[in-house]
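For reference, the structure is listed below as structure tokens.
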Amino acid sequence: MKIAPGVSDVNFAQALKQFESVVGKEWLFTSDEDVALYKDAYSPFYGEAEERLASAAVAPADVEQVQAIMRVANEHRIPIYPISTGRNLGYGGSAPVYSGSVVLDLKRMNRILEIDERKANCLVEPGVSYFDLYRHIRANKLKVWIDCPDPGWGSLIGNALEHGNGYTMAPYRDHFGAHCGMEVVLANGDLVRTGMGAMPGAMTWQQFKYGYGPYLDGLFSQSNFGVVTKMGFWLMPEPEVFRWGTVLAFGYDDLFAMIDELSYLESAKVMTATTRVESPLLFGAFKGPPPATDLVTLRATPGGASRESLEEYAKRTGTAYWSVILRFYGSDKLTAAQWEYARERFAKRIPDAKFVDGDVRHFPLSDREANELLDKAPLGIPSLEAFSMGGRTPTNPTPSLGHIWFSPIIPMTGEAVQECDRVFRAAFAEWGVNPLGLPLPQLYHERTFFQIYGFPITHDSETNRRNRDTFKRMIKLAAEHGWGEYRTAPAFMDACADTYSFNNHAQRRLHETLKDAMDPNGILAAGRYGIWPSHLRSKQS
Amino acid sequence: MNRYTWVGGLAALLVTAQALADEAPGRRVFSQWCEACHGVGEDRPGTLGLRAKYSGKLPALLEERKDLTPNEVKYYVRHGVAMMAPFRKTEITDADLDLLARYLAHSK
């Protein structure tokens, strides 16, 4: 058992005894075997001294127990680290940022407190996963959709607080942006409701975000100022129809017009679904057949294939240089009109663009149809399909042990995509590294791209060390170009926070002012997103 | 039928009855926690991974395996393997893990 530095054995033992009296013996975990379950399964410090380890875990059943635990933790100065479903894999999992913390495991708080089909919203506890809410909706045949991230076992609350994303329409696919109202236990055990929830008996807690006075909700995301115990979310009314189509372009310079049009359609709310720009010519489709032999040969041209030869190949064979899938939700007529309008706009800017109609699906789906569907996320159906990436296949006999991701936010322009590709390609060549990656950008949020690079987790310390070094160099290099990480694993939280340094780290200083005021004993989630309590700050600098 | 045969037959009946009684709740645990990865479908990473691993020598679907023991099931749930992270006791309780282990060990 790894007790946090500065915590005495006596205080720790007393705190555990009190935790046990709050939650019952069954829900306090102190044995090595049980506490090991709180390791980060995707830790880039696997087996090293810096691996983040819990000292114990305590699992409350309700908000009153969370409050009692926070009071005990304050009394004995015990560092506490809340998790919701603990499935934030690639971003820390169920392990604390600060080793020796007691994990506050909120998985047992798994009630769907309210779901309103007419108003299309819900109120849930932290232990509710996307699978849980989806199953509840299907079992009750409700005409609302959830929006889920790649893995469906995550917590709605945890993912939103991490600024996670999904795949349906805006605003639902921005999970924090689609929330409405919170209940929060502060570090001192006090209980706050935000937005309209601050008014006893308010009728619109899950409909009107702002309530009265300063908007507080952002303080509790990517932070350590409180434990969110309830959160409301807007749900998407089930559409009648989902339609998709693909835009194909064959010239290198078409990238710029393609992204301009995508940006216009997104901002004008014509096409508001998550998508990504792909290059069948350069990289192959994200999920597609292997490339033709002559294309493989062309790509492998010593010194790189020339732009002219690639364009000639693209036009001769009909292999798109660039492609993008557009997704529409609504009625048959509405989505047909949206797709037609989108085609008109692309055709004006890219005269030789081609358009391929995708499927048109009508709702509701039967259980069997929903279950058998591939690529479920754009229809708000949770799955674990994403874990196929790096999994064992006939051509990949050694499966990955997991991944961590570096995802700088870049402008939604062709120029930015081109520059980001140039900068990192040159850096990788200079550094002699080759991160995994989706080589082209992902449109998660409405106005920006995520440029995603991945690193496999291994059980080899030297490989993990090299990958951590590369990750940190990428954070710095990205920041030098104005590209910032949006979310990261504990191993890199300080490094990313360092890059948000305007005016001599004014943002960090403000975070620290808030931390000292709201959590004076510094017990809650020390180090999360680079925010350290005063007694640990000097050790991080 | 001598006494020992009768007792043996009764024991077999009891074991079978126990297996059937275990199957429904064990199936519930499987459905809740395992099926999204280990169910039927080309989007189930666990099934795809085991298909590649065993190349037909063993079934890719856990529910079709006849060789699994309860202890093996428990080991993988609590320790994980490859990309599969372990499951905590707040997710799959020890009692539910017993049901799951018996269910998968009995699956035919």
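The values are calculated or read from the model by the stated rules, or taken from the named source; none is laboratory data. Here the structure is a predicted model, which means the values were calculated and not measured. Ideal geometry is used to build each Cβ from the backbone, glycine not excepted, and the neighbour counts take in all protein chains shown. What goes into the accessible areas is simple: the full protein's heavy atoms, side chains included, and nothing from ligands, DNA or RNA. Shrake-Rupley method; radii C 1.70, N 1.55, O 1.52, S 1.80 Å.
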Among the residues of the stretch A:492-507, count how many are among the small types (Gly, Ala, Ser) and within 16 Å of residue A:223 (Cβ to Cβ).
1
Can you find a residue that is among the hydrophobic types (A, V, I, L, M, F, W, C), open to solvent by 20 Å² or more (accessible area, probe 1.4 Å) and assigned to a helix (DSSP H, G or I) anywhere in the stretch A:389-408?
no
Out of everything in the stretch A:400-420 that is closer than 23 Å to residue A:492 by Cβ and of a type in the set (Ser, Thr, Tyr), what residue ends up being nearest to the other protein chains (Cβ to nearest Cβ)?
A:400
Here the qualifying pairs (Cβ atoms under 8 Å; residues six or more apart or on different chains; first in the stretch A:90-119 and within 22 Å of residue A:35 (Cβ to Cβ); second of a type in the set (Val, Ile, Thr) and open to solvent by 40 Å² or more (accessible area, probe 1.4 Å)) come out as A:100/A:3
Determine, yes or no, whether residue A:92 is under 26 Å from residue A:130 (Cα atoms) and either open to solvent by less than 20 Å² (accessible area, probe 1.4 Å) or more than 10 Å from every other protein chain (Cβ to nearest Cβ) (or both).
yes
Residues in the stretch A:448-464: is at least one open to solvent by less than 60 Å² (accessible area, probe 1.4 Å), part of a helix (DSSP H, G or I) and within 26 Å of residue A:283 (Cβ to Cβ)?
yes
Tell me which residues, restricted to the stretch A:52-94, are in contact with a Ser or Thr (Cβ under 7 Å, 6 or more places away or on another chain) and β-branched (Val, Ile, Thr).
A:63, A:66, A:80, A:83, A:85
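Matching residues to (1) more than 30 Å from residue A:142 (Cβ to Cβ); (2) open to solvent by 40 Å² or more (accessible area, probe 1.4 Å):
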{"position": "A:267", "(1), (2)": "yes, yes"}
{"position": "A:275", "(1), (2)": "no, no"}
{"position": "A:328", "(1), (2)": "no, no"}
{"position": "A:351", "(1), (2)": "yes, yes"}
{"position": "A:367", "(1), (2)": "no, yes"}
{"position": "A:373", "(1), (2)": "no, no"}
Could you give me the residue pairs with C-beta distances under 9 Å whose first residue belongs to the stretch A:353-368 and is free of Cβ contacts under 8 Å to residues at least 40 places away in the same chain, whose second residue is of a type in the set (A, V, I, L, M) and not in a helix (DSSP H, G or I) wherever it lies, and which are 6+ apart or on separate chains?
A:365/A:373; A:365/A:381
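Residue-wise test of (1) away from chain B (no Cβ under 14 Å); (2) in contact with a Cys (Cβ under 8 Å, 6 or more places away or on another chain).
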| residue | (1), (2) |
| --- | --- |
| A:74 | yes, no |
| A:105 | no, no |
| A:109 | no, no |
| A:122 | yes, no |
| A:131 | no, no |
| A:134 | no, yes |
Every residue in the stretch A:68-89 that is assigned to a helix (DSSP H, G or I), open to solvent by less than 30 Å² (accessible area, probe 1.4 Å) and closer than 15 Å to residue A:20 by Cα, please.
A:68, A:69, A:70, A:72, A:73, A:76
Of all residues in the stretch A:139-158 being under 19 Å from residue A:364 (Cβ atoms) and more than 13 Å from chain B (Cβ to nearest Cβ), the one that is most open to solvent (accessible area, probe 1.4 Å):
A:141
Residue among A:506, A:495 that alone is free of Cβ contacts under 8 Å to residues at least 12 places away in the same chain and open to solvent by 20 Å² or more (accessible area, probe 1.4 Å)
A:506
Checked the stretch A:1-47 for anything within 20 Å of residue B:87 (Cα to Cα), in a helix (DSSP H, G or I) and either acidic (Asp, Glu) or at pLDDT below 95 (or both); matches are A:26, A:32, A:33, A:34
